[in-house]
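This report concerns only the one structure given below.
The values are calculated or read from the model by the stated rules, or taken from the named source; none is laboratory data. As the structure is a computational prediction, the values presented were derived from the model and not from experiment. Cβ coordinates were reconstructed from backbone atoms using ideal geometry, including for glycine residues, and neighbour counts include every protein chain displayed.
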Amino acid sequence: MKAIIMIPYYRARDKDLNTKIKRVLKDGLKLYFLYRKDKEISKTEEFKLLARMLKEQTRKHRIKPSKEIAPDSLQNPTDPDATYRKKGKKKHIGYTANIIEKFDDKNRMIEGYDLQKNTYSDQKFAKDTIKRLGKGATVLTDGAYFFRRYRQESQSQRHKDGPY
């Protein structure tokens, strides 16, 4: 079996980053064109990830502008399901979680959680949670979960809004 060796680049300075990205792209393209017809290598997961990265993040062998790269494009070859999301001014790569907690004056207990791709919206989490809640629960949320339709749906199930 032939081996594919990729050399990682760590701790790159911003001014050097563009040069290094171009070098990695050049190396990736060389590997792709060298091995794409090799039946054994082209079937490996590593080669498929390389092909996916080139398809999703380049056009005509050049890096796409970041605004043209889809949030669900390959972000990390060691975690191909990780996604990209910009929320407010912060950029996030990976996953997002929603935690459901029940409490009273004396006790607190995590009742459930949901882990999704980073592109899963807070409003979708809210809708999922409202469906799972029993009638008459008081719902405490921050502003990220507010969406008029889900609030109306929640109130129709006799959930009470509470301050966060």
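Annotations
- Residues in the stretch 64-103 that are assigned to a strand (DSSP E or B) and closer than 20 Å to R52 by Cβ: T83, Y84, R85, I93, G94, Y95.
- Among the residues of the stretch 10-43, those that are among the hydroxyl-bearing types (S, T, Y) and either modelled with pLDDT of 55 or more or within 19 Å of R62 (Cα to Cα) (or both) comprise T19, Y32, Y35, S42.
- Selection of the stretch 104-136 for residues being part of a strand (DSSP E or B), free of Cβ contacts under 8 Å to residues at least 24 places away in the same chain and either under 19 Å from N76 (Cα atoms) or of a type outside the set (F, W, Y) (or both) yields R108, M109, I110, E111, G112, D114, L115, Q116.
- Of residues in the stretch 44-78 being among the hydroxyl-bearing types (S, T, Y) and under 22 Å from the mean Cα position of the chain (by Cα), the one modelled with the highest pLDDT: T58
- Matching residues in the stretch 37-63 - criterion: being of a type in the set (D, E, K, R) and either part of a strand (DSSP E or B) or touching a helix residue (DSSP H, G or I) at 6+ places or on another chain (Cβ under 6 Å) (or both): R59, R62
- For the condition modelled with pLDDT of 80 or more, among the aliphatic types (A, V, I, L, M) and under 10 Å from the mean Cα position of the chain (by Cα), I100 does not qualify.
- Top-ranked residue in the stretch 52-98 [being of a type in the set (G, A, S) and without any contact (Cβ under 8 Å) to a residue 12 or more places away in the chain; ranked as farthest from D122 (Cα to Cα)]: S66
- Subset of the stretch 49-104 [surrounded by 15 or more Cβ atoms within 10 Å (Cβ to Cβ) and polar (S, T, N, Q)]: Q57, T58, S73, Q75, T83, T96, N98
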